[in-house]
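The values are calculated or read from the model by the stated rules, or taken from the named source; none is laboratory data. Computed from a prediction, not measured in an experiment: that's the story for all the values here. Note: ideal-geometry Cβ built from the backbone for every residue, glycine included; neighbour counts use all protein chains shown.
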Amino acid sequence: MENNFQKMIDRAVAIKTKYHEIEPKKWGVEQVMSGLVTDIGDLNKIIMAYNGYRNIEDEIEKKLAHELSDVLFSVFVLADKTGIDLEKEFDITMDELEKRLNK
């Protein structure tokens, strides 16, 4: 069975590796984190528009999907740069949450 989660992580890391070839300086963990914070700010603005609190030109759903994907990309890259097995840790965290909810 194909592991889509790991495939997504590998693809994000491969794309980030290609960015390293064209960026003037390679991004470390701090720079990727700063990019994630920026993406989360953009996502917040789109969520506000999605819920009617801001005006954003058309295609809000498309912009929302794009920003969610940007955030996920940055999380995958951060996990790789810090040596975190995100798939494993995600499963552990979901198990913990389910236990709490099933008490």
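With respect to residue 46, determine if the residue is surrounded by 12 or more Cβ atoms within 10 Å (Cβ to Cβ) and touching a Lys or Arg at 6+ places or on another chain (Cβ under 7 Å).
It is true that residue 46 is surrounded by 12 or more Cβ atoms within 10 Å (Cβ to Cβ) and touching a Lys or Arg at 6+ places or on another chain (Cβ under 7 Å).
With respect to (1) without any contact (Cβ under 8 Å) to a residue 60 or more places away in the chain; (2) assigned to a helix (DSSP H, G or I), the lone exception for residue 54 is condition (2).
Beta carbons closer than 7 Å, at least 6 apart along the sequence or on distinct chains, pair a first residue in segment 74-95 that is over 22 Å from residue 34 (Cβ atoms) with a second that is surrounded by 11 or more Cβ atoms within 10 Å (Cβ to Cβ) for 87/5; 87/6.
When 5, 73 are checked against the criterion of being modelled with pLDDT under 95, under 16 Å from the mean Cα position of the chain (by Cα) and not β-branched (Val, Ile, Thr), a single residue qualifies: 5.
Scanning segment 21-36 for residues that are surrounded by 11 or more Cβ atoms within 10 Å (Cβ to Cβ) and out of contact with any helix residue (DSSP H, G or I) (no Cβ under 6 Å at 6 or more places or on another chain) yields 23, 27, 31, 33, 34.
Given the criteria free of Cβ contacts under 8 Å to residues at least 24 places away in the same chain, surrounded by 13 or more Cβ atoms within 10 Å (Cβ to Cβ) and more than 12 Å from the chain's Cα centre (by Cα), does residue 100 qualify? So residue 100 does not fit the description; no.
Select from segment 1-51 the residues that are among the charged types (D, E, K, R) and touching a residue at least 12 places away in the same chain (Cβ under 8 Å) and list them in ascending order.
Of the residues in segment 1-51, the ones among the charged types (D, E, K, R) are 2, 7, 10-11, 16, 18, 21, 23, 25-26, 30, 39, 42, 45.
Answer for segment 1-51, where residues must be among the charged types (D, E, K, R) and touching a residue at least 12 places away in the same chain (Cβ under 8 Å): 16, 39, 42.
Which condition number in (1) part of a loop (DSSP other than H, G, I, E, B); (2) farther than 20 Å from residue 10 by Cβ is the one that residue 84 fails? For residue 84, the failing item is (2).
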